[in-house]
Amino acid sequence: MSAKLWDTHAYLDDPQFNNDRLQLCEELGRTLGGVIDPGIDLHANGVAVALAKKFPHIWAAVGWHPENLKGIPKDYLQRMAQWAQEPKVVAIGEIGLDYYWLENEPPAVQKKIVLEQLDLAKQLDLPFIFHDREAHGDTMKIFQNEIKGVRGVFHCYSGSLEMAKVLAKMGFYFGFGGTSTYKNSQKTREVLSWVPRELMLFETDSPYLAPVPMRGKRNNPAYTEYTARNASLVLGVDYDELVATTTANTLRLFNKIRV
């Protein structure tokens with residue numbers, strides 16, 4: 001039997017799924033190998049963990065997103081460590097740096113908190129899921145100079161090809177989603193074309209960034225197929241072969257997953 005696609009990044013806890021969340025989650029069990037739901041704050045972490053407990057094909061990550069650091073609980077690391085004891089919590093994330101939104105906490109605060117979360121991932125021997133938006137320089141400083149001995153994925157990778165080459169040498173993975181199907185995302189496809197296949201993951205970022213031909217609609221983990229089929233054309237490789245490779249990559253990185 002051929003491998004099934006995984007969506008390694010979907011916010012099933014997002015309010016846009018409030019009306020049909022349980023029905024959608026049931027359907028995804030028939031179409032995908034699995035879905036990873038990354039938490040972004042206290043509420044989302046709790047929902048992601050609850051969904052993972054309820055559905056055998058859903059797995060959770062826990063973390064505080066750089067857009068959600070205002071009012072972060074003082075004991076947030078202890079809470080994350082407690083959630084991480086759950087068998088279906090397979091990563092620390094979504095964490096990272098976001099300098100795009102001016103209302104976010106200052107870079108110094110973001111860096112302090114992301115380093116604490118990366119250190120927790122290291123202590124727990126869990127992979128990280130990293131968000132980098134308009135913060136490429138500081139992201140590289142962190143992984144080149146400030147934290148060692150961690151593994152993880154750069155979700156919805158948006159950096160340069162040169163940056164990707166450095167990160168790949170360090171063994172990090174790259175998540176590709178709907179943006180890789182957009183006409184104006186040539187840079188992303190350039191990186192997609194170069195990244196070693198063994199470091200490639202697919203994702204949707206649902207309910208955001210739906211791939212062509214669903215662009216403009218609410219994204220859905222089932223739409224991972226559009227991204228994967230587009231990638232098979234860009235790379236000139238067999239679709240089923242690419243699915244098998246990226247599924248193996250998912251299970252290797254998130255090695256707490258049991259299927």
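The values are calculated or read from the model by the stated rules, or taken from the named source; none is laboratory data. Please read these numbers as outputs of a predicted model, since none were measured by experiment. For neighbour counting, all protein chains shown are included, and Cβ atoms are generated from backbone atoms with ideal geometry for every residue, glycine included. Only protein heavy atoms, including side chains, enter the accessible area calculation; ligands, DNA and RNA are left aside. Shrake-Rupley method; radii C 1.70, N 1.55, O 1.52, S 1.80 Å.
See the values below:
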{"item": "Prolate/oblate/rounded label for region 212-259 (Cα gyration tensor, a/c 1.5)", "result": "oblate"}
{"item": "Alpha-carbon spread of region 113-259, three principal axes, descending order, Å", "result": "40, 36, 28"}
{"item": "The chain: most fluctuating residue of 63, 177, 46 per GNM, C-alpha cutoff 10 Å", "result": "46"}
{"item": "Selection from 227, 45, 179, by position along the positive dipole direction of the chain (Cβ)", "result": "227"}
{"item": "Reachable lysines from residue 112, criterion Cα separation under 18 angstrom, eight or more residues apart if same chain", "result": "70, 74, 122, 141, 148"}
{"item": "Separation of the residue 237 and residue 54 label points, Cα + 7 Å toward Cβ, nm", "result": "3.5"}
{"item": "When region 142-195 is reduced to its Cα atoms, the Kirkwood hydrodynamic radius in Å", "result": "11.7"}
{"item": "Per principal axis, descending, Cα span of region 53-161 in whole Å", "result": "37, 33, 24"}
{"item": "Label of the coordinate-derived value, Rg and Dmax of the Cα atoms in Å, listed as [x] 28.2, 86; [y] 16.9, 50; [z] 18.0, 57", "result": "[y]"}
{"item": "Whole-percent carbon and sulfur share, accessible surface of the chain, 1.4 Å", "result": "52"}
{"item": "Test item: Cα-centred dipole of the chain, Lys/Arg +1 and Asp/Glu -1 on Cβ, debye", "result": "340"}
{"item": "Accessible area of the chain divided out per residue, in Å², using a probe of 1.4 angstrom", "result": "44"}
